[in-house]
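*Asks:* Have a look at the structure that comes next, please.
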Amino acid sequence: MSICIREVSEVYDYISIHSVDYAKTVRTEVLERFFISTMRFEKIAPLSFSKAIHGAHIGVKGISTNSDGSFAYYTMEGIEEVNLVEVILPAMMDEQLEHAITGLAMAIADEFGWCIDEDHGLDT
């Protein structure tokens, strides 16, 4: 598998992982426990996590969206459930890092029973 990177106006590339039709949510404390305890990420802000993988900074954000995946807010404070995770990608990747990020994205999707977005996800 290789990664299909989406270029967006938010000035970062990411992989989008979400429930089918954004219908299934996960409690924020469950998401936080998964990233901190299981995946060994560091919490850097509400629903934002970071980890160094093969020397590169990888960020992850939990997001609450409406039924078409849209969202508009300035803070994650007070959000109790999310239905979307973005894996924020570094600007430069080699094959080893790409493989690690693919594994990370698949682990997230498997953990929550979600899917990796076809347009903003992995290119198989």
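The values are calculated or read from the model by the stated rules, or taken from the named source; none is laboratory data. Here the structure is a predicted model, which means the values were calculated and not measured. Note: accessible area is taken over every heavy atom of the protein model, side chains too, but ligands, DNA and RNA are not part of it. Shrake-Rupley method; radii C 1.70, N 1.55, O 1.52, S 1.80 Å.
*Asks:* Using a 1.4 Å probe on the protein heavy atoms only, what accessible surface does Thr38 show? Give it in Å² to the nearest 10.
*Replies:* That residue has around 90 Å² of solvent-accessible surface.
*Asks:* Report the Cα centroid-to-centroid distance between region 85-112 and region 9-44 in angstrom, as an integer.
*Replies:* Rounded to whole Å, the Cα centres lie 12 Å apart.
*Asks:* What accessible area, in Å² to the nearest ten, does a 1.4 Å probe give for Asp117?
*Replies:* 20
*Asks:* So, taking all protein chains as they sit and a 1.4 Å probe, how much accessible area belongs to Glu81, in Å² rounded to tens?
*Replies:* In the full protein context, Glu81 sits at about 80 Å².
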